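The values are calculated or read from the model by the stated rules, or taken from the named source; none is laboratory data. Because the structure is predicted, anything quoted here is derived from the model rather than measured. Glycine gets a Cβ as well: all are built from the backbone with ideal geometry, and neighbour counts include every protein chain shown. Each accessible area value is taken on the protein alone, full model and side chains, heavy atoms only, with ligands, DNA and RNA left out. Shrake-Rupley method; radii C 1.70, N 1.55, O 1.52, S 1.80 Å.
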Amino acid sequence: MKIVAADVIVTSPDRNFVTLKITTEDGLTGLGDGTLNGRELSVASYLRDHVVPLLLGRDAHRIEDAWQFLYRSAYWRRGPVTMAAIAAVDVALWDIKAKAAGMPLYQLLGGASRTGIMAYGHASGRDLPELFDSIRAHLDLGFRSIRVQTSVPGINAVYGVATQPSADGKRYDYEPAQRTPLPAEEDWDTRAYLRHLPGVFEAVRSEFGPELPLLHDGHHRMTPIQAAKLGKALEPYDLFWLEDCTPAENQEALRLVRRHTTTPLAIGEVFNTVWDYQTLIREQLIDYVRSAVTHTGGITAMRKLLDFAAQYQIKSGIHGPTDISPVGMAAALHLDLAIHNFGIQEYMRHGALTNEVFRQSFTFTDGYLHPGEQPGLGVELDEEAAARFPYQPAYLPFNRLQDGTVHDW
Ligand SMILES: O=NC(=O)[C@@H](O)[C@H](O)[C@H](O)CO
Ligand SMILES: [Co+2]
């Protein structure tokens, strides 16, 4: 089944997305997500200039060979741009293969291992009343697991906190990238954050009870000893996970955190290959693998990574913010349904314009996601609608401490 065309479609309905559309001689098409928040054009160029010419004429059925070819023939290895480009090709080829087989992709991955995919939503608030409203709004939407992010006294702008309710007044969805020509500067103070957060979870637990699975994202901002301190302080509130508690390029740093706390740890949304996880998984320093299919080389690579994690009783916690497109999200859902060591799926709902451009067949019912039974991924891209939304520069903010030192955002 020869590849006769491969088009890179950059569109920006509610935010920027990079989609690869592969077409075969039989007229079958497959979609892959290559969106890398703030570096979308780098992936688009990597695909257009260096990958598409290699795809034309290839047999679309040879997915493993395509992956190995793109990973090894580039000579330069790993990194978010390369692995997002490889992911876009890989997911598009899996979409095609499943369509050719006339079945939803999860069936090719071993069939369903569960009836539904537990999702968690993003609640946030500048103060407790607003946070409680946001948690209630997400419970009303059916979410059964909730991530909690709040402002911190003395800090002006904190990651994950919607500064105003969205249009319908109920949603507090927070789009991390801002449509500005340059990244925005935000401020940070870890000691203020460490003093404030335990009290927030104390209040949330007393308001919402002990059962509700609660998650929190530290967003790479603590040193290992600060992460250990927070993990320990949050133990009475029985979190489902504490995410990105400390930057983990130095994977061994998590040994120190692990020594001090039993709060489950999730890491990896900024990682892009299994090598970023080797020590974390082998020494069971984490409990959840956070990578997105889109950033980690696609279904082929993510499946191998999660099977490696499964040997160490580590589960999936696939990244699912709005900057993972509906195509990348669908790929995650098919994998979530099929693997045994599923943990939880992040689910930030896309905006109305995005849902106009990407027609999806997944469902979200009573807290559980399901990819649907359409052949392939179950996502179609309306190219006319996509063309109405040209790329707009948009960037994630960065942090500086009070003395001006740049800090992890
Ligand atoms: O857990 N979710 C997150 O940390 C996200 O909100 C990331 O900051 C953005 O997706 C980066 O593009
Ligand atoms: Co995160």
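A few points about this structure:
- Which listed residue, of Gly209, Gly218, is modelled with pLDDT of 95 or more and surrounded by 23 or more Cβ atoms within 10 Å (Cβ to Cβ): Gly218
- Consider segment 340-363 and keep the residues that are over 19 Å from Glu175 (Cβ atoms) and hydrophobic (A, V, I, L, M, F, W, C). The one that is nearest to the chain's Cα centre (by Cα) is Ile344.
- Test: residue in segment 18-25 that is assigned to a helix (DSSP H, G or I) and either among the hydrophobic types (A, V, I, L, M, F, W, C) or out of contact with any helix residue (DSSP H, G or I) (no Cβ under 9 Å at 6 or more places or on another chain) (or both): no
Per-residue answers, yes or no, for (1) free of Cβ contacts under 8 Å to residues at least 60 places away in the same chain; (2) over 27 Å from Asp408 (Cα atoms):
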position	(1), (2)
Arg72	yes, yes
Gly79	no, no
Ala87	no, no
Met118	no, yes
Ile155	yes, no
Ala162	yes, no
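- Filter result for Ala292 (more than 16 Å from ligand 2 (Cβ to nearest atom), closer than 30 Å to Glu356 by Cβ and not assigned by the TED database to the domain that holds Asn37): no
- Number of positions in segment 227-276 that are part of a loop (DSSP other than H, G, I, E, B), within 16 Å of ligand 2 (Cβ to nearest atom) and not polar (S, T, N, Q): 12
- When segment 230-256 is filtered for residues that are away from ligand 1 (no atom under 16 Å from the Cβ) and either over 20 Å from Val148 (Cβ atoms) or not assigned by the TED database to the domain that holds Tyr120 (or both), the ones remaining, listed by number, are Glu249, Asn250, Gln251, Glu252, Ala253, Leu254, Arg255, Leu256.
- Beta carbons closer than 6 Å, at least 6 apart along the sequence or on distinct chains, never pair a first residue in segment 102-113 that is under 13 Å from His370 (Cβ atoms) with a second that is of a type in the set (A, V, I, L, M) and open to solvent by 60 Å² or more (accessible area, probe 1.4 Å).
- Flag if Thr322 is touching a residue at least 60 places away in the same chain (Cβ under 8 Å), in the same structural domain as Ile286 (by the TED database), within 25 Å of Leu139 (Cβ to Cβ) and within 16 Å of ligand 2 (Cβ to nearest atom): yes
- 2 or more residues within 16 Å of ligand 1 (Cβ to nearest atom) and in contact with an Asp or Glu (Cβ under 7 Å, 6 or more places away or on another chain): qualifying strands (runs of 3 or more DSSP E) within segment 91-193: 117-125, 146-150
Per-residue answers, yes or no, for (1) assigned by the TED database to the domain that holds Leu369; (2) surrounded by fewer than 23 Cβ atoms within 10 Å (Cβ to Cβ); (3) within 16 Å of ligand 2 (Cβ to nearest atom); (4) closer than 17 Å to Leu212 by Cα:
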| position | (1), (2), (3), (4) |
| --- | --- |
| Gly121 | yes, no, yes, yes |
| Phe132 | yes, yes, no, yes |
| Arg136 | yes, yes, no, yes |
| Asn156 | yes, yes, no, no |
| Tyr159 | yes, yes, yes, no |
| Ala162 | yes, yes, yes, no |
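- Only one entry of His196, His219 meets the criterion of being within 16 Å of ligand 1 (Cβ to nearest atom) and either part of a helix (DSSP H, G or I) or within 30 Å of Gln392 (Cβ to Cβ) (or both), and that entry is His219.
- A count restricted to segment 221-236 and to residues that are closer than 12 Å to Thr261 by Cβ and open to solvent by 10 Å² or more (accessible area, probe 1.4 Å) stands at 8.
- Meets criteria (acidic (Asp, Glu) and away from ligand 1 (no atom under 14 Å from the Cβ)) for Asp323: no
- Test: residue in segment 180-203 that is in the same structural domain as Gly125 (by the TED database), more than 20 Å from Ser124 (Cβ to Cβ), hydrophobic (A, V, I, L, M, F, W, C) and open to solvent by 40 Å² or more (accessible area, probe 1.4 Å): yes
- Candidates are the residues of segment 272-288 that are open to solvent by less than 20 Å² (accessible area, probe 1.4 Å) and without any contact (Cβ under 8 Å) to a residue 40 or more places away in the chain; the one that is nearest to ligand 1 (Cβ to nearest atom) is Ile286.
- Near pairs, Cβ below 8 angstrom, 6+ apart or cross-chain, from segment 357-368 (closer than 13 Å to Ala330 by Cβ) to any residue that is modelled with pLDDT of 95 or more and of a type in the set (S, T, N, Q): Phe358/Ser325; Ser361/Gln374
- Residue within segment 361-373 that is open to solvent by less than 20 Å² (accessible area, probe 1.4 Å), within 16 Å of ligand 2 (Cβ to nearest atom) and in the same structural domain as Gly116 (by the TED database) present: no
- Within segment 374-385, the set of residues being under 17 Å from Leu28 (Cα atoms), open to solvent by 60 Å² or more (accessible area, probe 1.4 Å) and of a type in the set (D, E, K, R) comprises Glu380, Glu383.
- Test: residue in segment 33-50 that is open to solvent by 10 Å² or more (accessible area, probe 1.4 Å), touching a Lys or Arg at 6+ places or on another chain (Cβ under 9 Å) and at pLDDT 95 or above: yes
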